[in-house]
1. Among Glu13, Glu105, Glu123, whose mean-square fluctuation peaks in a Gaussian network model of the chain (Cα, cutoff 10 Å)?
2. Does segment 2-104 classify as rounded, prolate or oblate by the C-alpha gyration tensor (a ≥ b ≥ c root eigenvalues; a/c under 1.5 gives rounded; else a/b over b/c gives prolate, otherwise oblate)?
3. Between the helical axis of 2-50 and the dominant principal axis of the chain, each derived from Cα atoms, what acute angle in degrees is found, rounded to the nearest 10?
4. Under a 10 Å cutoff between Cα atoms, tell me which one of Leu101, Leu120, Leu14 has the largest fluctuation in the Gaussian network model of the chain.
5. May I ask for the distance between the Cα centers of segment 75-138 and segment 1-70, given as a whole number of Å?
6. Quote the relative contact order of the chain in percent (integer), defining contacts as alpha-carbon pairs under 8 Å separated by 6+ residues.
7. In the Gaussian network model of the chain, springs joining C-alpha atoms below 10 Å, which of Asp88, Asp128, Asp51 carries the largest mean-square fluctuation?
8. Using only helices, what value at 222 nm comes out for the chain when you add -39,500 (n - 2.57) per DSSP H run of length 4 or more and divide by the total residues, to the nearest 500 deg cm²/dmol?
Amino acid sequence: MPLEALRRLRRHELADVEKAFGEAVAREAAAETLLGQKHQHLLTEQKLASDPAADDGAVEAFSRWLPVGQQAISDAQEKCRQAAMDRDCIRSALLMAQAALKAVEKLEEKQRVEIQQQHLRKEQAVLDELALRQRTLN
């Protein structure tokens, strides 16, 4: 019975880590999407400023906005990096939780095999006893 309780605990832990991993993957995807949007915004602003029909005000506005846009990209890259590190960390926890559950399941199987062997030995002992009695009576 203690292994059964441990298996339930390990399954619960695995479910929690699987949920956290899914959330981490979603956060990473959101961070990558945001980064793509920031890059796209930079390209759009650059295209507007480099348009031959653009006036000097558009070029000046772009040059003032550029450091802000670059910082936004840098921040988004950092979020992506952090999200990837979080995902990797949780993936390690997921692998450990899977291994812990597998270890308990192997112990349970080993215990089942040992119990089965004990039953077989007892059954064989009874058969041996009956055979011995049968010989003594004859």
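1. With Cα springs under 10 Å in the chain, the top fluctuation among Glu13, Glu105, Glu123 is at Glu123.
2. Note, shape of segment 2-104 comes out prolate.
3. Once rounded, the angle reads 10 degrees.
4. Leu120
5. Using only Cα atoms, the two centres lie 42 Å from each other.
6. It rounds to 42 percent for the chain.
7. Checking each option, the largest mean-square fluctuation is seen for Asp128.
8. Here the helix-only value at 222 nm equals -36000 deg cm²/dmol.
Coordinate-derived values only; no laboratory data. No experiment lies behind these values; they were computed from the predicted model shown. Positions of Cβ are generated from backbone atoms using ideal geometry, with glycine treated the same way; all protein chains shown enter the neighbour counts.
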